[in-house]
Each structure stands twice: as C-alpha cells, then as structure tokens.
Amino acid sequence: MSPQFTSPPNSDAHSSPSSSSSLISSASDRRLSALVRHLAAEESSPMDSLSASPTAARADSVFAHVVQGPEDPILGVTVAYNKDQSPNKVNLGVGAYRTEEGKPLVLNVVRKAEQKLVNDMSRVKEYLPIVGLAEFNKLSARLILGADSPPVQENRVTTVQCLSGTGSLRVGGEFLARHYQERTIYIPTPTWGNHTKVFTLAGLSVKNYRYYDPATRGLNFQGLLEDLGSAPAGAVVLLHACAHNPTGVDPTLEQWEQIRQLMRSRALLPFFDSAYQGFASGSLDADAQSVRRFAADGGELLVAQSYAKNMGLYGERVGALSIVLKTSEVATKVESQLKLVIRPMYSNPPIHGASIVATILKDRDLFNEWTIELKAMADRIISMRHQLFDSLRAKGTPGDWSHIIKQIGMFTFTGLNPEQVAFMTKEYHIYMTSDGRISMAGLSSRTVPHLTEAIHAAVTRLA
Ligand code: PLA
C-alpha cells in the first residue's frame with residue numbers, strides 16, 4: 001500500500017482528543033507527543049534507528065537520538081527528481097501546472113495585479129488582522145459559494161484568510177477539535193496523503209469511507225453511501241469539492257444530490273476541500289456546484305479554498321476557510337474562536353498573495369482575464385489526457401486506458417502498481433507518486449511519447 005494512504009497512525013491513542021487544545025492536559029499532551037514521534041519516524045528503516053542510537057559516535061548532540069524522517073510521499077518525488085541528472089527526466093509527481101514548454105507559469109493577470117500593487121505608493125507592509133484581508137475574505141466566500149447564495153446574502157458566513165489550502169484545513173480541523181461535539185472526521189479512500197496527518201494533528205480522529213473502485217476505475221458509490229450511512233450522527237465528512245485527488249473521479253450532480261440528502265438526514269457535517277476550483281472543467285461555477293448545493297439548503301458546512309492551482313500562486317500560500325452557519329450571531333462567535341486558533345499558531349497571515357487575489361477578484365476586467373487563462377490551463381490538461389490516451393492506443397499498449405479521458409482535474413490515477421512506477425523512474429526517469437498517480441499538468445506534447453514508451457514497457461514487462 002502506498003504510504004500516503006495509510007490509516008491514521010495509532011488511532012487508538014487519538015480517538016478521544018482533548019476537549020480544548022488551549023487546556024491540553026498532560027495526558028493528552030503525552031498522546032500528542034507520541035503521535036508526533038510516530039509521524040516523524042513513519043517509514044524510517046531499522047537502519048535509521050541503529051545509526052542514531054545514543055551509543056553511536058556522534059552522541060554528543062542533545063539531538064543525537066533523532067531518527068532520519070521519511071521524505072513526504074508527494075513533495076519527496078520532486079526532491080528525487082531534482083537529484084536526477086538525466087536530460088530526459090520528467091516530473092509528474094506534485095500537482096504543479098507546467099506550460100507546453102515544461103515551464104512553471106505565472107499568469108499574465110497575476111503579473112498585472114502585482115504591477116498595480118507595486119505602483120500603489122499608498123500601500124504599506126503593516127500586519128494584517130488575525131483573520132486576514134477583509135476584502136479578500138468577502139470575495140473568496142462569494143467565489144466559492146456564489147455571490148447570490150443565501151448564506152452570503154444573509155451574512156451568516158465567516159471567512160478567515162489562511163495559509164493556502166493546507167492551512168485552511170488545519171485551522172478548520174483545530175476549530176472542530178475544540179468546539180464541535182463529534183470529533184471524528186471521515187475521509188475518502190484514497191485521498192490526498194496529507195489529509196490524515198493534518199486532521200490527526202489538529203486533534204480529530206480520522207476514519208475512512210469507501211470512494212474509489214479499482215475494478216471499474218470509477219466511483220464506488222454504493223460503498224460511499226453505505227459508509228456514510230453508518231457513520232455516527234454528527235460526524236464530519238471531508239469531501240473533495242471537485243477534481244478528486246488522487247483519483248480524478250468525481251460524483252455526478254445526481255450523485256452529489258443523493259450524498260447531500262443522506263448527509264443532511266444523518267446530520268453529518270460537510271467539510272469541503274476546494275483546491276481545484278476552475279481546474280476540473282475550466283469553469284469556476286461548474287466546479288463549485290457540489291459546495292453550492294449544500295450551501296443552498298440552509299445547513300451548515302466548512303470549506304477550505306486554495307488559490308495555489310487556479311491562480312498559480314503555489315508559493316504565495318493564499319487560501320481561505322469559510323464556515324457557513326445558521327445565523328449571523330453564531331457566525332460572529334465562531335469567528336471570534338477562529339481568531340483564538342490562529343493567533344498562537346502564526347498570529348496573522350501574509351499580505352502579498354491575498355492582495356493579488358483581491359485585486360483580481362474585485363476588478364471585472366482582471367477577473368474576466370483570469371477566467372480565460374484558467375480555462376486555457378484546464379483545456380491544456382484535458383488535451384494532454386487525449387494525447388496520452390491516443391498515444392497508448394496507437395502503440396497497442398495492453399489494457400483499457402479510457403479512464404485517462406474519463407477522469408477529471410489535475411491527475412490521472414493510472415492503475416500502475418508501485419513496482420511499475422519504480423521501473424519507470426529507474427529506466428525512464430519519469431517521476432510520479434508510488435500509487436500510480438500522474439500529474440497531467442506536468443505533461444506536454446513533447447513528453448507524451450516518452451511517457452507512452454515507459455508505460456508500455458512497464459505494463460508489458462511487469463504485468
Ligand atoms: N487539498 C488537496 C486535495 C490537494 O490536492 C492539495 C495540494 C491541497 C489541499 C493543498 O494545497 P495548498 O496548501 O498548496 O493550497 N496537493 C498537491 C500538492 C498539488 C501537495 O501535495 O502539497 C499534490 O500534488 O497533491
């Protein structure tokens with residue numbers, strides 16, 4: 001099994017996190033440090049602990065006992081890629097958009113917004129409030145929920161600017177661990193590898209629900225309904241808003257409607273992870289449909305947004321957590337508690353990325369320009385799917401590869417096994433996560449033939 005899909009480490013020890021992280025008891029403190037140690041040592045080999053034993057020669061450091069931690073299953077792929085000297089190397093690991101020339105892309109509209117910011121001499125570098133840039137927050141809630149959505153109109157959403165999607169998930173997780181009565185979160189199998197760690201360390205107990213069916217390379221809808229149907233009332237459920245990572249398999253709108261009805265009938269609390277709005281279909285509105293349906297029914301929800309992919313602001317770390325509530329009074333109180341989560345964590349968020357986003361979202365022309373550039377990125381990814389599919393077919397590579405064109409978003413879940421992946425990396429210098437996920441955004445017309453050769457060889461030699 002791929003390392004990023006491991007079930008919660010030592011879940012017994014974390015099934016009942018402390019009721020308030022601000023009042024961590026020594027018992028839960030010990031549980032937390034045990035967990036941190038467990039995560040740090042995860043996947044390390046016995047050799048690591050031997051070489052780091054206190055009797056080793058370098059035992060003079062007070063940290064001599066520290067074992068070598070594993071590389072991250074996704075970001076570690078880039079580390080390995082950077083070390084490879086081959087001119088033919090291709091990085092299809094991390095989900096980062098590349099142009100046809102294989103270069104990172106800074107959107108034109110981002111350049112324009114940055115120029116505007118630089119030219120505005122009235123701008124200063126003061127601290128932002130704990131919750132971040134007010135206009136960014138307001139515009140972000142509108143972007144995901146829809147400007148005319150009832151919670152936005154009725155002022156019963158609270159939004160805080162966070163450190164991209166990951167930071168938004170973490171702040172949401174910490175808030176739930178402190179203030180929500182049911183501290184279990186259900187995440188899909190499989191899911192983005194960081195979910196388990198983010199929520200476990202936030203103090204939630206992580207369980208899984210069935211999502212992907214390897215036999216059909218599609219959604220295991222029956223399994224999903226059964227698992228959510230038997231989750232305890234009130235449990236939190238993590239849902240990928242669109243472009244499910246790593247599988248590229250999304251429910252249809254009809255299936256979303258069934259999921260919504262089931263979840264609302266069992267009082268399950270939705271926590272949407274929206275890391276790819278606009279990247280799945282090329283349309284910001286179409287990709288927000290799942291969230292908007294839940295937002296329109298009067299019920300409560302959380303949503304974590306990231307601008308890493310859809311605005312290409314990976315390193316700016318700009319995102320938002322919105323919580324939709326029943327009344328504006330509750331929203332005000334919830335916001336006051338989110339501030340108490342954020343202040344001791346990083347005090348307040350950075351100003352630059354959020355200013356870029358706000359500049360684009362509030363200006364009609366810039367906004368339109370953004371949607372065009374976003375659609376071009378989504379379209380290039382979709383065209384890569386067709387090129388790869390056609391190329392494998394033309395080569396006569398054994399297997400049904402239609403899932404490449406059926407799946408959606410940044411990734412294709414190829415179905416290649418870890419052995420085949422290792423072979424492709426060793427022999428063809430193609431870097432991807434061991435679960436067989438490839439980032440379609442990292443592929444170009446130039447690299448499709450090389451990838452085809454590699455997949456063909458892997459499938460025919462290592463069946
Ligand atoms: N949620 C999902 C589902 C994601 O795929 C990612 C990023 C994030 C949240 C976090 O993004 P952010 O914090 O940068 O906004 N997943 C990437 C990168 C693209 C990563 O693993 O960090 C991936 O390759 O899976």
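Numbers for the structure displayed
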read-out	value
Residue in the range 407-452 that is nearest to the ligand (Cβ to nearest atom), counting only those that are without any contact (Cβ under 8 Å) to a residue 40 or more places away in the chain and part of a helix (DSSP H, G or I)	Val421
Qualifying residue in the range 330-352 (condition: farther than 22 Å from Leu201 by Cβ and in contact with a helix residue (DSSP H, G or I) (Cβ under 7 Å, 6 or more places away or on another chain))	yes
Residue selected from the range 294-330 under the condition part of a helix (DSSP H, G or I) and surrounded by fewer than 21 Cβ atoms within 10 Å (Cβ to Cβ), by the criterion farthest from the ligand (Cβ to nearest atom)	Glu329
Residues that are among the hydrophobic types (A, V, I, L, M, F, W, C) and not in a strand (DSSP E or B), drawn from the range 218-243	Phe221, Leu224, Leu225, Leu228, Ala231, Ala233, Ala235, Ala241, Cys242, Ala243
Residues that are open to solvent by 100 Å² or more (accessible area, probe 1.4 Å) and in a loop (DSSP other than H, G, I, E, B), drawn from the range 114-126	Met121, Lys125, Glu126
Lone unmet requirement of (1) out of contact with any helix residue (DSSP H, G or I) (no Cβ under 6 Å at 6 or more places or on another chain); (2) of a type outside the set (A, V, I, L, M, F, W, C); (3) within 16 Å of the ligand (Cβ to nearest atom) for Gly93	(1)
Selection from the range 308-320 of residues that are touching a strand residue (DSSP E or B) at 6+ places or on another chain (Cβ under 8 Å) and closer than 25 Å to Leu253 by Cβ	Ala320
Every residue from the range 127-178 that is over 30 Å from Thr196 (Cβ atoms), of a type in the set (Ser, Thr, Tyr) and open to solvent by less than 20 Å² (accessible area, probe 1.4 Å)	Ser149
Output for the range 244-273, where each listed residue is outside any helix (DSSP H, G or I), more than 16 Å from the ligand (Cβ to nearest atom) and either open to solvent by less than 40 Å² (accessible area, probe 1.4 Å) or within 23 Å of Thr159 (Cβ to Cβ) (or both)	Leu268, Leu269
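The values are calculated or read from the model by the stated rules, or taken from the named source; none is laboratory data. Source: prediction; values computed, not measured. Quick reminder, even Gly has a Cβ in these numbers, built from the backbone with ideal geometry, and neighbours come from all protein chains shown. The protein model used for the area step is the full one, side chains on, heavy atoms only, and it has no ligands, DNA or RNA in it. Shrake-Rupley method; radii C 1.70, N 1.55, O 1.52, S 1.80 Å.
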